[in-house]
Amino acid sequence: MRKALRWLLTLTVLMGTLGTAGAATAAQPEAGNGTASTASTADTDIKDRLLAIPGMSLIEEKPYPGYRYFVLNYTQPVDHRHPSKGTFQQRITVLHKGVDRPTVFYTSGYNVSTTPSRREPTQIVDGNQVSLEYRFFTPSRPDPADWSKLDIWQAAADQHRVFEALRPVYPKKWLATGGSKGGMTATYYERFFPRDMDGVVAYVAPNDVVNDEDSAYDRFFATVGTKECRDRLNAVQREALVRREPLERKYAQYAADNGYTFTTVGSLDKAYEAVVLDYVWGFWQYSLLKDCDTIPADAKNATDQEIWDSVDTISGFSAYTDQGLAQFTPYYYQAGTQLGSPTIHFPSIEKKLIRYGYQPPRNFVPRSIPMRFQPWAMRDVDGWVRHHAQHMLFVYGQNDPWGSERFRLGHGACDSYVFTAPGLNHGANVAGLVPDEKALATARILQWAGVASAAVQANPSAARPLAGYDARLDRRDVEREPALRP
């Protein structure tokens, strides 16, 4: 068990020339059959084509066998409704396979990684991958920051504008994807710009339609896993609150040693309780049932250090410090203005031990940033998905608490699916589905991307990823953000 980390107007600008020499473009496979073809002239000068896009500049190029990988900046309007009112630089990465391949548009909903990687749909279709940093996550933040321009429509407009800029370079089919908040982001993009993508693959995407109604989470925690595992986790969580005084002394020393402060959340006591109350949620979000063996079996007789270590491993005591919260201010702002956030109860813990309960996102955002919740935002998206979804695939994990409130399909949805991977957590993927659903999901992804062979079109059970597994590129781990951050 590993520690949960903390969580269409074109503007012409002068393009930068900073960069390094990249690896040569490899021979490209033909669509759907994996055989090699000669790289086109457009492939050999792909960097020049990317940098010819108005507003695009190069940060660096990193070599990777069989690909070219670029880290780029793209000039975006701060406000897409009023593009004359300032711009900012938004980071993008491009994993280039070939202009004759489909393209997967990936967002995590947070910062973008600048290390070459390939998401599951990219491997399935053997395509290019464009990854976008979510607006207001540094360094993709306007200066000064007008936080009212951080909303799901503005973020979707960012994606739309990137797509419009790159579509002439990558003219084949496009799929949007993302996990967790990235899955939400891909869904919102489809809702606001439904003609852009040919398909959407959204992993473990929460859907908090009514922010004040969270009983689905309580039902989940009453039945998830086994009673033995639930009892172990509940006992450690309770014991951490029983031993609040000695463990908070330890926390104060830990904060002093690391230079941590608690101005945003308000006090060390509030931060301590928030970390402890994340414990059970964090376990199921990031761990598997087999990991219950790592939880102290007799919490009452465990040492203070054993209780501390277990909570720190799962929740992380740095999470609600000013330093731990700063990176995730944009997420908490969105949770408190549009996305919503969960509240759960703790029936195994006496009320006298809980002083604050699950704290609202407002407590994790500096008071200098105004916030107002918009209850209609998620209702709008949910209604659209239920009745207008086309070529959309939602994948959830059976033991992931975030799947308690999920996207569902209704009348009007077409060629769209909601699947659940048995026994999996917040890292659920197509590969973890039962065989029939895995084959169907893979076949639909190939079909939406325009690379399904005749055999797959005739028999979905024949569907397989077109690219082989690459241990460095293909990430199979959970997209790890802190507990209570999707």
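Only residues in segment 355-383 that are over 12 Å from residue 336 (Cβ atoms) count as the first member; pair them with residues that are open to solvent by 20 Å² or more (accessible area, probe 1.4 Å) and part of a helix (DSSP H, G or I), Cβ under 7 angstrom, at least 6 apart or cross-chain, and list the lot.
From segment 355-383, the pairs are 356/270; 381/191.
Within segment 380-405, how many residues turn out to be buried (at least 20 other Cβ atoms within 10 Å of the Cβ) and either in contact with a Cys (Cβ under 8 Å, 6 or more places away or on another chain) or farther than 17 Å from residue 288 by Cβ (or both)?
Taking segment 380-405 first, the residues buried (at least 20 other Cβ atoms within 10 Å of the Cβ) are 381-382, 385, 389, 391-397, 399-405.
So of that shortlist, the ones also either in contact with a Cys (Cβ under 8 Å, 6 or more places away or on another chain) or farther than 17 Å from residue 288 by Cβ (or both) come out as 381-382, 385, 389, 391-394, 404-405.
Number satisfying all stated conditions: 10.
Quick one: which of 348, 310 is open to solvent by 10 Å² or more (accessible area, probe 1.4 Å) and out of contact with any Ser or Thr (no Cβ under 9 Å at 6 or more places or on another chain)? It would help to see each step written out before you state the result.
Working: 310 fails: out of contact with any Ser or Thr (no Cβ under 9 Å at 6 or more places or on another chain).
Going through 348, 310 in turn, just one is open to solvent by 10 Å² or more (accessible area, probe 1.4 Å) and out of contact with any Ser or Thr (no Cβ under 9 Å at 6 or more places or on another chain): 348.
Okay, residues lined up against (1) within 17 Å of residue 314 (Cα to Cα); (2) of a type in the set (Lys, Arg); (3) open to solvent by 10 Å² or more (accessible area, probe 1.4 Å); (4) assigned to a helix (DSSP H, G or I):
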| position | (1), (2), (3), (4) |
| --- | --- |
| 237 | yes, no, no, yes |
| 257 | no, no, yes, yes |
| 260 | no, no, yes, no |
| 271 | yes, no, no, yes |
| 275 | yes, no, no, yes |
| 293 | yes, no, yes, yes |
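State yes or no: is residue 191 open to solvent by 10 Å² or more (accessible area, probe 1.4 Å) and within 29 Å of residue 105 (Cα to Cα)?
Numbers: open to solvent by 10 Å² or more (accessible area, probe 1.4 Å): yes; within 29 Å of residue 105 (Cα to Cα): yes.
Spelling it out, residue 191 is indeed open to solvent by 10 Å² or more (accessible area, probe 1.4 Å) and within 29 Å of residue 105 (Cα to Cα).
So which residues in segment 411-438 are part of a helix (DSSP H, G or I) and more than 24 Å from the chain's Cα centre (by Cα)?
Here is the first cut: in segment 411-438, the residues part of a helix (DSSP H, G or I) are 430-432, 435-438.
Matches in segment 411-438: 435, 436.
Kindly list, by first and then second residue, each pair from a residue in segment 104-119 that is within 19 Å of residue 332 (Cβ to Cβ) to a residue that is part of a loop (DSSP other than H, G, I, E, B) and among the β-branched types (Val, Ile, Thr), limited to pairs with Cβ atoms under 9 Å and residues at least 6 apart or on different chains.
111/138
Suppose we filter 211, 207 for residues that are in contact with an Asp or Glu (Cβ under 9 Å, 6 or more places away or on another chain) and either within 30 Å of residue 448 (Cβ to Cβ) or of a type outside the set (Gly, Ala, Ser) (or both); which single one remains?
Details: 211 fails: in contact with an Asp or Glu (Cβ under 9 Å, 6 or more places away or on another chain).
Only one candidate passes the filter, namely 207.
Inspect all residues belonging to segment 414-434 and state whether any of them is in contact with a helix residue (DSSP H, G or I) (Cβ under 6 Å, 6 or more places away or on another chain), surrounded by fewer than 20 Cβ atoms within 10 Å (Cβ to Cβ) and either at pLDDT 95 or above or not hydroxyl-bearing (Ser, Thr, Tyr) (or both).
Yes, that holds for at least one residue.
For segment 72-91, which residues satisfy the criterion of being over 13 Å from residue 157 (Cα atoms), of a type outside the set (Ser, Thr, Tyr) and buried (at least 23 other Cβ atoms within 10 Å of the Cβ)?
72
Of the conditions (1) farther than 24 Å from residue 46 by Cβ; (2) open to solvent by less than 10 Å² (accessible area, probe 1.4 Å); (3) under 13 Å from the mean Cα position of the chain (by Cα), residue 133 clears all except one; give me its number.
It fails just one condition, (1).
Could you say which residue among 119, 101 is open to solvent by 20 Å² or more (accessible area, probe 1.4 Å) and basic (Lys, Arg)? Let's see the steps before the verdict.
Working: 101 fails: open to solvent by 20 Å² or more (accessible area, probe 1.4 Å).
One residue alone meets the criteria, 119.
Taking the condition in contact with a strand residue (DSSP E or B) (Cβ under 9 Å, 6 or more places away or on another chain) and closer than 27 Å to residue 392 by Cβ, does residue 76 pass? Talk me through it step by step, then tell me what you get.
Numbers: in contact with a strand residue (DSSP E or B) (Cβ under 9 Å, 6 or more places away or on another chain): yes; closer than 27 Å to residue 392 by Cβ: yes.
In short, yes.
Could you tell me how many of the residues in segment 445-460 are assigned to a helix (DSSP H, G or I), in contact with a helix residue (DSSP H, G or I) (Cβ under 8 Å, 6 or more places away or on another chain) and over 18 Å from residue 179 (Cβ atoms)?
Final tally of qualifying residues: 6.
Which condition from (1) farther than 30 Å from residue 144 by Cβ; (2) in contact with a helix residue (DSSP H, G or I) (Cβ under 6 Å, 6 or more places away or on another chain) is the one that residue 365 breaks?
Only one criterion is unmet by residue 365, namely (1).
What residue, among those in segment 34-50 that are open to solvent by 30 Å² or more (accessible area, probe 1.4 Å) and touching a Leu at 6+ places or on another chain (Cβ under 8 Å), is modelled with the highest pLDDT?
Step by step, filter segment 34-50, then rank; the result is 47.
Let me confirm something: among 449, 467, which residue is surrounded by fewer than 22 Cβ atoms within 10 Å (Cβ to Cβ) and either among the hydrophobic types (A, V, I, L, M, F, W, C) or touching a Phe, Trp or Tyr at 6+ places or on another chain (Cβ under 9 Å) (or both)?
On the way: 449 fails: surrounded by fewer than 22 Cβ atoms within 10 Å (Cβ to Cβ).
Every option except 467 fails the conditions.
Sort through 198, 146 and tell me the only one that's open to solvent by 20 Å² or more (accessible area, probe 1.4 Å), among the charged types (D, E, K, R), closer than 29 Å to residue 323 by Cα and modelled with pLDDT of 95 or more. Lay out the reasoning, then the answer.
Numbers: 198 fails: closer than 29 Å to residue 323 by Cα.
One residue alone meets the criteria, 146.
Hey, residue 373 hits all of (1) in contact with a strand residue (DSSP E or B) (Cβ under 9 Å, 6 or more places away or on another chain); (2) of a type in the set (A, V, I, L, M, F, W, C); (3) open to solvent by 20 Å² or more (accessible area, probe 1.4 Å); (4) closer than 16 Å to residue 211 by Cβ but one; which does it fall short on?
It is condition (1) that residue 373 fails.
Yes or no: segment 96-103 includes at least one residue that is more than 19 Å from residue 329 (Cα to Cα), of a type outside the set (D, E, K, R) and in contact with a His (Cβ under 7 Å, 6 or more places away or on another chain).
No, the conditions are met nowhere in segment 96-103.
Just for segment 312-351: of the residues that are of a type in the set (Phe, Trp, Tyr) and under 21 Å from the mean Cα position of the chain (by Cα), which one is farthest from residue 286 (Cα to Cα)? Let's see the steps before the verdict.
First pass over segment 312-351, keeping only residues of a type in the set (Phe, Trp, Tyr): 317, 320, 328, 331-333, 346.
Right, trim to under 21 Å from the mean Cα position of the chain (by Cα) and you get 320, 328, 331-333.
Details: 320: 18, 328: 18, 331: 19, 332: 20, 333: 23 Å.
Looking at residues that are of a type in the set (Phe, Trp, Tyr) and under 21 Å from the mean Cα position of the chain (by Cα), I get 333.
The values are calculated or read from the model by the stated rules, or taken from the named source; none is laboratory data. Bear in mind that the values here come from a model prediction, so they are computed numbers and not experimental data. FYI the Cβ positions are ideal-geometry reconstructions off the backbone, even for glycines, and counts take in every protein chain you see. In case anyone asks, the SASA skips ligands and DNA or RNA and just uses the protein heavy atoms, side chains included. Shrake-Rupley method; radii C 1.70, N 1.55, O 1.52, S 1.80 Å.
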